[in-house]
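The values are calculated or read from the model by the stated rules, or taken from the named source; none is laboratory data. Note that the structure is a prediction, hence the values are computed from the model and not measured. Backbone-built Cβ (ideal geometry, glycine too); neighbour counts: all protein chains shown. Ligands, DNA and RNA are excluded from the accessible area calculation, which covers all protein heavy atoms including side chains. Shrake-Rupley method; radii C 1.70, N 1.55, O 1.52, S 1.80 Å.
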Amino acid sequence: MYYDVVIVGAGPGGAIAAKTLDNSNLSVCLIDAKPKEKIGEKVCGDAVGKEFFDFLHEKINLEYPDEEVKDRIGGIKVFSPDRKTVFDVETKDGGYMLDRPKFGQHLLRQIKNVHLIDNTKFMDFYEKGIIVQRQNLEKIECQIVIDASGFNAVVRKRTNNNSNNSNNNNDALLMEKDIDKNDIAVCYREIRKYKFEDPHHCHIYLNNKFSPGGYVWEFPEGEHLNVGLGVLYPSAPKKQYGEYAKFRGEKFLNSEIIHGGGGISPTRRPIDSLVSMYNGIGIMLVGDAACQVNPIHGGGIGQAMRAGYFAGISIKKIFERNGNNGVGKISLNDLWEYNSYYMQNYGGTIASLDLFRIFLQNLSNEEVNSGMSAGLIQEGDLIKISEGEEINLSATEKITRIAKSLAILNTAKKLAYTAKKMKEIKELYRNYPSPEKFSEWKENVGRIYEDLRRHL
Ligand SMILES: Cc1cc2nc3c(=O)[nH]c(=O)nc-3n(C[C@H](O)[C@H](O)[C@H](O)COP(=O)(O)OP(=O)(O)OC[C@H]3O[C@@H](n4cnc5c(N)ncnc54)[C@H](O)[C@@H]3O)c2cc1C
């Protein structure tokens, strides 16, 4: 079996990569471990901004979700731990609460020519392609593999741990195989039959007691409520959730549970290189496999779809430029365009948000309460921060001058330092290097993280 491109994983990232390549002359297959009708099923907060659909509708004529939308949302409210301060953040274009299983099928329906091979697991590489498991092990010869397999990153994890293939695979070392446990949010979520008091807003509750290192969310879905929490590994999210449910009170506890389950999310900067070569095969990472999730709120559906589009466009260009020269003819330089474009335009934003996440995780409930109520960060700044814009520190500077409490002064100083480092890292990503300068660049990224951790 031969395909020019194999996409591993038919979640939002892989499906949009497939949709982008759907009308090319390339032979492409999309494999997923699940049976077709289950693709899309995932424990999730289900919230996604409309702007991602506007972008993809314009670029690849992606149809907007319609009956796959459970509810529409106008904005997000972020509550301080004592719930005395609420930031009401109206989103620019609003967003959707998706029915994820239906949404997964909605994406698949729009792929006409790419060959979907379901019930099929990526297992490993061989010298000309990949090995998959259907009923039996099978080989697929290919030139490029997109890893869109979600948090498990099954392809990425096989690229530099295979000692038999240690020769000529230095390029594989561009991608880190494992990610640090401090960069992982473990989550527990329920769908309850519960009419939310604030039907058009997603609520986010910051509170280290219930969700150390993360937050509790309550998102309205019509007659239902999507409620859950993410915590820093190794806290036990289900146990923490139990505590929260008790705090939420009788009416909540007595509501019917429609579904309960766990999930994992990477909440760090993207993998430092989104591409590498392995055995002469090009590898590209998309979505959770690439850690492209927003580290502050954990949103990754839109981010994965957008990256899938850019990976697809970049592959089209490679084959248009080089012609189809056969297995072993793709080079790291060919793949690099996706890497540098993504990192310069989006990677820097995710990395700067990652620094902000580390800042937040180092604050106590009291520091968040006093910081929010004193206006160290303004309501309007929140959306700007989540979109990666620079923090406007004028309010913070004013507060620093008049601050009566030492706690606020300290938080303000830490915030100012974090903002400085966020600016620095964005600049570094704007100058994402060529493969030759990659190690030097990576060291500089590491230094910014070390500086920040030392100061917090
Ligand atoms: C609890 C929780 C809440 C979340 N809430 C939100 C939210 O409200 N909004 C938001 O935008 N994001 C949210 N996210 C993140 C979002 O779910 C992910 O970012 C998004 O699904 C990533 O898409 P993806 O295509 O990269 O991967 P996935 O959606 O994870 O898809 C990966 C696909 O790969 C397949 N696969 C896995 N292994 C193999 C293999 N070996 N071979 C073949 N196929 C394989 C899987 O079957 C799956 O279909 C949340 C995540 C969690 C855990």
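Details
- Loop sites in segment 9-109: trypsin sites (Lys or Arg not before Pro), DSSP, at most 14 other Cβ within 10 Å: Arg83, Lys84
- Mean projected area of the Cα convex hull of segment 15-130, taken over all directions, amounts to 10.2 nm².
- Protection proxy ranking for 307-315, 126-134, using the average of other Cβ atoms within 10 Å per residue and placing the highest first: 307-315, 126-134.
- Rounded, prolate or oblate (a/c below 1.5 giving rounded, otherwise prolate when a/b exceeds b/c) for segment 337-384 by Cα gyration tensor: oblate
- Applying 0.36 nm per residue to the separation of Glu37 and Lys413 and subtracting their alpha-carbon distance, the gain on full extension is 130.2 nm.
- Placing unit charges on the Cβ atoms of the charged side chains and taking the dipole of segment 55-151 about its Cα centre, the candidate lying farthest along the positive direction among Ile131, Asn113, Ile76 is Ile76.
- Cα-centred dipole magnitude for the chain, charges only on beta-carbon of K, R (+1) and D, E (-1), debye, nearest 20: 760 debye
- Segment 8-100: GluC sites (Glu not before Pro) in DSSP loop, at most 16 other beta carbons within 10 Å: Glu41, Glu63, Glu67
- Approximate spin-label separation Ser331-Glu250, in nm, with each point projected 7 Å along Cα-to-Cβ: 7.3 nm
- Projecting the Cα positions of Gly312, Ser340, Asn362 onto the charge dipole of segment 308-367 (unit charges on Cβ atoms of Lys, Arg, Asp and Glu, taken about the Cα centre) puts Gly312 furthest along the positive direction.
- Inter-label distance, nm, simple model (7 Å from Cα along the C-beta direction), Ala236/Glu127: 5.1 nm
- Computed over the chain, the quotient of the alpha carbon radius of gyration and 2.2 N^0.38 Å is 0.99.
- Annotation note: trypsin sites (Lys or Arg not before Pro) in segment 246-347 located in DSSP loop regions with a Cβ neighbour count of at most 16 within 10 Å are Lys329.
- Cross-link pairs beyond the 21 Å C-alpha cut-off, checked among Lys209/Lys239; Lys92/Lys421; Lys102/Lys317; Lys84/Lys414; Lys177/Lys329: Lys92/Lys421; Lys102/Lys317; Lys84/Lys414; Lys177/Lys329
- Counting only DSSP beta bridges whose two residues both lie in the chain, roughly 70 percent are antiparallel.
- Considering only alpha-carbon pairs that sit under 8 angstrom and 6 or more positions apart, the relative contact order computed for the chain is 17 percent.
- Accessible surface computed residue by residue for segment 182-266, with neighbouring protein chains in place and a 1.4 Å probe, gives 44 Å² per residue.
- Plainly put, segment 37-87 has a radius of gyration that is 1.11 times its Kirkwood radius, both from alpha-carbon atoms, as the Rg/Rh ratio.
- Considering only segment 1-122, percent of DSSP beta bridges that pair antiparallel, nearest 5: 65 percent
- Helix content alone sets the calculated 222 nm mean residue ellipticity of the chain: runs of n ≥ 4 DSSP H residues at -39500 (n - 2.57) each, divided across all residues, give -11500 deg cm²/dmol.
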